[in-house]
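Sharing a structure, written as structure tokens. Questions coming.
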Amino acid sequence: MNFIFIEGLRVDTWVGIYAREHVAAQAVEFDLNFGIPETGAIHDDIGGSIDYAEVVDVIRVELAERHFNLIETLGEFVADLICDRFSAPWAKIWVSKPGAVKGVRRVGAYIQRGNSVTVAMPG
């Protein structure tokens with residue numbers, strides 16, 4: 001099974017239920033794992049794979065235009081985006097809000113779509 005991972009993707013987006021979270025975008029961090037066809041590696045051709053730079057660009061554009069109340073909903077949106085737009089057979093998304101709670105490094109959610117082997121949580 002082949003997959004691509006993207007770690008430490010920081011995106012400014014609108015997420016949260018508190019008034020202060022509706023005033024300005026805030027940074028969220030993603031770690032992404034998603035399945036890719038084996039044909040890209042076999043033929044050494046991006047046409048048979050998923051372009052991770054395009055995934056990053058699409059996520060940034062899509063999240064700049066939306067507000068999510070819950071970080072879980074944000075994670076589900078990104079998982080569905082990867083599976084639907086890029087035809088990934090599965091996706092695992094870790095999304096977190098650094099410094100959202102005083103004295104806590106980060107809070108977040110883990111979302112999984114499709115069937116995959118177990119992939120350990122980053123960092």
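The values are calculated or read from the model by the stated rules, or taken from the named source; none is laboratory data. All values derive from a computational prediction rather than experimental measurement. So basically every Cβ, Gly included, is an ideal-geometry build from the backbone, and we count neighbours across all protein chains shown. Note: areas computed on protein heavy atoms with side chains; ligands, DNA, RNA excluded. Shrake-Rupley method; radii C 1.70, N 1.55, O 1.52, S 1.80 Å.
Just one of 102, 97 is over 16 Å from residue 5 (Cα atoms) and touching a residue at least 60 places away in the same chain (Cβ under 8 Å); which is it?
Among 102, 97, only 97 is over 16 Å from residue 5 (Cα atoms) and touching a residue at least 60 places away in the same chain (Cβ under 8 Å).
Where the second residue is at pLDDT 95 or above and the first is among the aromatic types (Phe, Trp, Tyr) and lies in the range 58-87, which pairs have Cβ atoms under 6 Å and are six or more apart or on separate chains?
What qualifies is 68/74.
Name the one entry in 31, 57, 12 that is out of contact with any strand residue (DSSP E or B) (no Cβ under 8 Å at 6 or more places or on another chain), surrounded by 11 or more Cβ atoms within 10 Å (Cβ to Cβ) and modelled with pLDDT of 85 or more. Lay out the reasoning, then the answer.
Numbers: 31 fails: out of contact with any strand residue (DSSP E or B) (no Cβ under 8 Å at 6 or more places or on another chain); 12 fails: out of contact with any strand residue (DSSP E or B) (no Cβ under 8 Å at 6 or more places or on another chain).
Just a single option satisfies the conditions, and that option is 57.
If I filter the range 90-108 down to residues being of a type in the set (A, V, I, L, M, F, W, C) and under 15 Å from residue 10 (Cα atoms), which single residue comes out as farthest from the chain's Cα centre (by Cα)?
This residue is 100.
In the range 63-82, how many are touching a Phe, Trp or Tyr at 6+ places or on another chain (Cβ under 8 Å) and open to solvent by 30 Å² or more (accessible area, probe 1.4 Å)?
Of the residues in the range 63-82, 3 are touching a Phe, Trp or Tyr at 6+ places or on another chain (Cβ under 8 Å) and open to solvent by 30 Å² or more (accessible area, probe 1.4 Å).
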